[in-house]
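What follows is a single structure, and I will ask about it in a moment.
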Amino acid sequence: MFRDTINLLRKDLLLEARGREVVPAMALLALSTLVVLHFALGQQSLDGKLAAGALWIAILFSATLGIGRLFVAESEDGGMDAVLLTPVDRAAILLAKVIALFTFLVMVQIVIVPAFGLLLLGPHLAPALPKLVGILLLTDAAIATVGALVGAIAVQSRLRDLLAPLLALPLLIPPLIAATHATAGILATGGPEGIPGRWPLIIALYALVFGLLGIALYDNVLDD
Amino acid sequence: MTEKRKAPGRGLKPLAILTALTLGTAYGMVFFWTPNEADQGFVQKIFYLHVPMAIVTLGGFILGGIFGFIQLRTGDRKWDLRSYVAIHLSLMLALGTLITGSIWARASWGHWWVWDEPVLVSFLIVFLLYSCYQPLRFSIEDPDKQARYASVFAVVAGAFVPMNFAAVRLAQAYTHPRVLGGAQNSMPGSMQITFLLAIVGMTLLYATLWKFEITSKTTRMQLGSIKRRLERDNPGSPA
């Protein structure tokens, strides 16, 4: 199971490394969102709540793009048949997708968080970085568990690309609430503040619940 | 069709009569028996419609999730139909809850929409999520897959409902007029009884509508299969 997951994950990452379809598009969308937000809000620089909101909007939008494309390789040309024909556990398939999406999100954030610090953020990014990275990684885990499930459902529908963001955004509101609250303190003008423990806890619990849902449902969501 | 020939709509009439009686009594009591609330006056009476509707809506969404779960366990599409009808009805009631909640907010706070009101906001999020149920369901053609993925959605969304409420509530100040619950439950007896009766009535209404919808869908399917059989046995006859 563990080795299958690694192999499947390697396949997904290799496909992305060769094709370079999803991650650049996600990063571009996130960057464009930041630029749009600059003009829409009419602000030279942001801090605190507004900065947290802007960052998370950009991340969430780019995540919906990644979620919509997550199972596309499988849905085209009978790719899923091929994967299902191999003697791997279906849980490994879903788990590999969760980790793949997580990796994509991290790669996108490596680009857009510094860009955000450069373009929009008022306070300095460097002192905020350790805590910010913690919250980002935790929330990425939540987005990845939710996203893999949503991607697997949406890809079955004729409305695939339409439905993925519509399903993902409401489902991601609870971790978003916690993440923005935590990030607002980190990006405050007077330097990063402490994070109340309940916000990371909510995000972790949310990731856990969706992880359990994935374990309960994986047999039913993967199909040719 | 191998299932036993039980009249599909059995028990619907007494259920409907009971619903009409209970709801009629409850709202009669609302207007003629319960006192006006001291703070908000007559407007507070929308509480007897809004809150039962909200409770039944959420119960229906969770029921849809449970039915979906049974469908995934058993693979019997009957449960998918039940889940579908439960969610479908709850979605309509959710719209009603949002509208009545908005009216109440306007009357008691002066705004049609209040973002620091966690229940209303949670309802909107849940409503947005479930609005995707039907597009998802009807964009999957294969009937078996449709039943399965609709059920997966029902289970995921059903689990999401309580989590979402908890998260939104944590994020905001408690500004809702908490009529029930809390340490100082100051509702007079007449209000409590009326409120409970309104909840029972709303639940019965949901049950009646659910049964009606199931009956109508089952009957239509049976009619379809009879028509097909007729066509097969007498080809060329206008069925």
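Of all helices (runs of 4 or more DSSP H) completely enclosed by the stretch A:105-224, which ones contain at least 1 residues that are touching a Pro at 6+ places or on another chain (Cβ under 8 Å), under 25 Å from B:Leu170 (Cβ atoms) and more than 13 Å from chain B (Cβ to nearest Cβ)? Explain how you work it out, then say what you get.
Working: elements: A:129-154, A:160-171, A:173-186, A:198-221.
Where helices (runs of 4 or more DSSP H) fall fully within the stretch A:105-224 and carry at least 1 residues being touching a Pro at 6+ places or on another chain (Cβ under 8 Å), under 25 Å from B:Leu170 (Cβ atoms) and more than 13 Å from chain B (Cβ to nearest Cβ), they are A:129-154, A:173-186.
Here's another thing I want to ask about it. Determine whether the stretch B:160-179 contains at least one residue that is within 20 Å of A:Leu162 (Cα to Cα), modelled with pLDDT of 90 or more and at the interface with another protein chain (Cβ under 10 Å from one of its Cβ atoms). Full working, then the answer.
At the first step, the residues of the stretch B:160-179 found to be within 20 Å of A:Leu162 (Cα to Cα) are none.
Taking every residue of the stretch B:160-179 in turn, none turns out to be within 20 Å of A:Leu162 (Cα to Cα), modelled with pLDDT of 90 or more and at the interface with another protein chain (Cβ under 10 Å from one of its Cβ atoms).
If you don't mind, there's one more thing I want to ask. Within the stretch A:83-104, restricting attention to residues that are within 10 Å of the chain's Cα centre (by Cα) and free of Cβ contacts under 8 Å to residues at least 60 places away in the same chain, which residue is nearest to A:Pro130 (Cα to Cα)?
A:Phe102
Can you work out which of the residues in the stretch B:121-159 that are among the β-branched types (Val, Ile, Thr) and more than 7 Å from every other protein chain (Cβ to nearest Cβ) is farthest from A:Leu171 (Cα to Cα)? Lay out the reasoning, then the answer.
Taking the stretch B:121-159 first, the residues among the β-branched types (Val, Ile, Thr) are B:121, B:125-126, B:140, B:152, B:155-156.
With the extra rule that they be more than 7 Å from every other protein chain (Cβ to nearest Cβ), the set shrinks to B:121, B:126.
Values: B:Val121: 14, B:Val126: 9 Å.
Only one residue tops the list, namely B:Val121.
The values are calculated or read from the model by the stated rules, or taken from the named source; none is laboratory data. Just so it is clear, the structure is predicted and the values come from calculations on it, not from any experiment. Heads up, the Cβs are rebuilt from the backbone with ideal geometry, glycines too, and the neighbour counts pull from every protein chain shown.
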